[in-house]
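Notes for the one structure printed next.
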Amino acid sequence: MEMVFRWFGSGNDAVQLDQIKQIPGVEGIVWALHDIPVGDEWPINRIAEVKQQADEHGFHIDVVESVNIHEDIKLGLPTRDKYIANYKATIKNLASVGVKVICYNFMPVFDWTRTELYKKLDDGSTAMFYEKAKVENMDPMELVDEISNNPDFTIPGWEPERLKSLANLFGAYQKVSEEDLWNNLKYFLEEIIPVAEANGIKMAIHPDDPPWKIFGLPRIITSQPNIRRFLQLVDSPSNGITLCSGSLGTDPNNDIPDMVHEFIDRIPFAHIRNLKRYDNGDFIETSHRTKDGSVDIYEILKAYYDNGFTGYVRPDHGRHLWNEKCRPGYGLYDRAMGIMYLWGIWDSLERSVNEKELAVLDKKLDY
Ligand SMILES: [Mn+2]
């Protein structure tokens with residue numbers, strides 16, 4: 001596995017590249033041009049700027065997260081074609097500087113959803129929290145106010161300008177069923193996957209977070225059968241997934257190690273993190289350690305290891321520790337510790353397998 005770390009860009013992240021540099025084993029940054037309006041082509045000069053910054057720190061820029069999808073594409077409106085044309089141009093521009101993987105999602109209106117960004121844990125740290133009953137009984141506008149008015153940074157997926165026409169968007173989605181959303185996704189993939197293939201790019205859809213319907217909006221990238229269906233929409237190595245243990249892990253029915261085994265050839269990018277599920281459907285993001293949450297991080301890494309995984313991995317959201325001021329979920333400390341936990345498991349797997357092989361060889365030599 002190749003370790004990478006999400007960075008929101010110069011002047012847009014509390015974490016600096018020279019800090020990331022000091023985390024063991026990180027080879028690249030996961031980045032995006034967060035200020036480009038959704039649907040516009042990413043200008044090549046702006047892309048080159050990030051590459052330059054990464055180069056100066058010896059990081060690669062192989063993984064982009066996210067190039068977001070314009071709502072007109074998800075809604076299947078006639079205007080989608082112009083946004084798809086821009087998307088294709090962005091794929092080509094990114095390929096021209098060596099990008100290999102583009103993460104995106106196909107969630108209507110909202111990106112990831114939480115009800116509290118800084119919920120206090122017993123140890124005094126804070127983490128992002130999802131209260132199921134609150135979402136079920138809440139006007140989505142309230143949630144938008146709470147999340148998009150974060151004083152420090154705009155939150156990706158919750159940019160105020162993207163959400164200002166929210167009422168219209170909700171109206172538009174009333175006519176879109178899950179099957180319509182599948183069709184609109186297929187239309188998009190049939191257009192862009194050939195361009196990705198021709199440019200050496202793997203597209204990697206991120207599962208819906210959380211993986212169930214919220215506010216009456218359709219959601220489809222939620223489960224093993226649905227991911228299987230997704231991969232068959234366009235059967236190409238360039239049509240892959242970002243397997244996020246955190247998003248999928250909020251649903252106890254999702255067997256993530258089994259998904260790793262089944263989808264391994266179509267996982268160019270993995271998000272690995274833990275969370276604690278409660279019986280009432282609430283969940284909170286925890287440290288990466290298996291014991292601290294409901295997701296078996298060891299078994300997930302073992303599944304990747306057993307399948308000879310060589311793709312990109314990043315620690316996903318972490319807690320906010322030691323009074324750090326950071327983007328919700330994207331502090332330096334807990335993600336850095338998460339990486340060391342992932343490496344610890346990985347190195348042990350590697351060592352124990354090698355030692356088993358050596359023992360077998362020794363036995364053979366004895367004869
Ligand atoms: Mn994720």
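The values are calculated or read from the model by the stated rules, or taken from the named source; none is laboratory data. Just so you know, these numbers come straight off a predicted model, no measurement behind them. As a convention, Cβ positions derive from the backbone with ideal geometry for all residues, glycine included, and neighbour counts pool all protein chains shown.
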task: Within region 204-230, work out how many residues are at pLDDT below 95 and away from the ligand (no atom under 16 Å from the Cβ).
output: 6
- request: Could you grab the pairs with beta carbons closer than 6 Å, sequence gap of 6+ or different chains, first residue in region 107-120 and assigned to a loop (DSSP other than H, G, I, E, B), second one of a type in the set (D, E) and buried (at least 20 other Cβ atoms within 10 Å of the Cβ)?
  value: M107/D208; W112/D209
- request: Within region 163-185, count every residue that is of a type in the set (D, E) and surrounded by 15 or more Cβ atoms within 10 Å (Cβ to Cβ).
  value: 1
- request: Go through (1) more than 16 Å from the ligand (Cβ to nearest atom); (2) surrounded by 22 or more Cβ atoms within 10 Å (Cβ to Cβ); (3) over 15 Å from K74 (Cα atoms); (4) of a type outside the set (F, W, Y) and name the single condition I192 misses.
  value: (3)
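Going by the conditions given, is S348 of a type in the set (S, T, N, Q) and crowded, with 22+ Cβ neighbours inside 10 Å?
No.
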- request: Give me a count of the residues in region 316-351 that are farther than 14 Å from V15 by Cβ, aliphatic (A, V, I, L, M) and within 16 Å of the ligand (Cβ to nearest atom).
  value: 1
field: K74, sole failed condition from (1) touching a residue at least 12 places away in the same chain (Cβ under 8 Å); (2) in a helix (DSSP H, G or I); (3) over 23 Å from L181 (Cβ atoms)
entry: (3)
Positions within region 231-255 being within 16 Å of the ligand (Cβ to nearest atom) and within 22 Å of N280 (Cβ to Cβ), in sequence order: S245, G246, S247, L248, G249, T250, D251, N254
- prompt: Of the residues H271, H288, H261, which single one is touching a helix residue (DSSP H, G or I) at 6+ places or on another chain (Cβ under 9 Å), surrounded by fewer than 21 Cβ atoms within 10 Å (Cβ to Cβ) and either without any contact (Cβ under 8 Å) to a residue 60 or more places away in the chain or not hydrophobic (A, V, I, L, M, F, W, C) (or both)?
  reply: H261
